[in-house]
Amino acid sequence: MAADAVATAEIRGALAGLRRATGLPVAFGGAVGPGAAQIRISELSGTATAALRSLVVTSGTGLGGRAVALGRACAVPDYAGSRRISHEYDAPVAAEGLRSVLAVPLVVRHRVRGVLYGALRTAQPLGDRALGGAVAAAREVERALAVRDEARGLLAALRPAVPEPGPGPGREHVREAHAALRALAPRIADPQLRAELLAACALLTAPAPQGRPALAPRELDVLTWVATGATNAAVADRLGLRPETVKGYLRAAMRKLGAHTRGEAVTAARRAGVLP
């Protein structure tokens, strides 16, 4: 099974946070392969052995497989004695000394991408802190995966060809894509992917003339969305800013561009090659 490398990386980064949020001493997880048929446990945190590493869990079996099949968090207070799950994986679970276990599926756009587990070495019901913390950790991973998917999709759509400058629907599509890419970039934790997004943005603009205005990144983000016709309120919502902050960035950009209106600022930015 070829695991989702992106999901695996996000799961790896989430385990320490899951342990802090839940108070559980052990956390582990893995990505789901094509068709959501199997999970390969690849990431371990707080474990004492390697018994769980590379364990392949089939959908519908064990605790993690049950969570995948149901599409929701599942927990058992005593793994070995639970009648709610099947017991194909009792040996590695026992080898690690785990008793109380929870599993939360990672669901992005109706597709299960992986599973996060948390566990205790004592048999006891898991409380609201553990369950709530595990679900919150899973939601963070899901958001990160959704942002990555959106970014990759935009890049893939732009790679075949970049339309030549000129009026028409094609040019408007490029401008909307440019705005979407710039809005996504600050939300990307992976520096390589973020740099790739910003490089794609640069490909959509005209060659830089002499004396290009030095707009700050957020000033350019705001102006990019203004150029699509978005109101200040809509720009604020898209970029996660306050409307007053958007106004401040817009005023600064207009000052640097020597513009007196929003329309003049957009026109000047396009002439300067900072907007497509």
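Only the coordinates and a few stated rules stand behind these numbers; no lab work does. All figures in this text were calculated on a predicted structure; none of them were measured in a lab. Here the Cβ positions follow ideal geometry from the backbone for every residue, glycine too, while neighbour counts run over all protein chains shown.
Points worth noting:
- Trypsin sites (Lys or Arg not before Pro) restricted to DSSP loop in segment 44-89 with at most 12 other C-beta within 10 Å: Arg83, Arg84
- Highest mean packing first, where packing is the average number of other Cβ atoms within 10 Å per residue, the peptides 19-25, 112-118 line up as 112-118, 19-25.
- DSSP H segments from the chain that extend 30 Å or more along their own axis, Cα-based, with Kyte-Doolittle mean of -1.0 or above: 128-158
- The three principal axes of the C-alpha atoms in segment 79-123 carry coordinate ranges of 34, 19, 16 Å, sorted with the longest axis first.
- Radius of gyration and Dmax over the Cα atoms of segment 1-123, both given in Å: 12.8, 35
- Its residues counted as N, the chain yields a C-alpha radius of gyration over 2.2 N^0.38 Å of 1.28.
- Only DSSP H runs of four or more residues enter the estimate; each adds -39500 (n - 2.57), and after division by the residues of the chain the mean residue ellipticity at 222 nm equals -16000 deg cm²/dmol.
- Additional length obtainable on full extension of the chain from Ser86 to Thr267, 0.36 nm per residue less Cα span: 58.7 nm
- Proximal charge balance of Gly33 [Cβ under 12 Å; K/R count +1, D/E count -1]: +2
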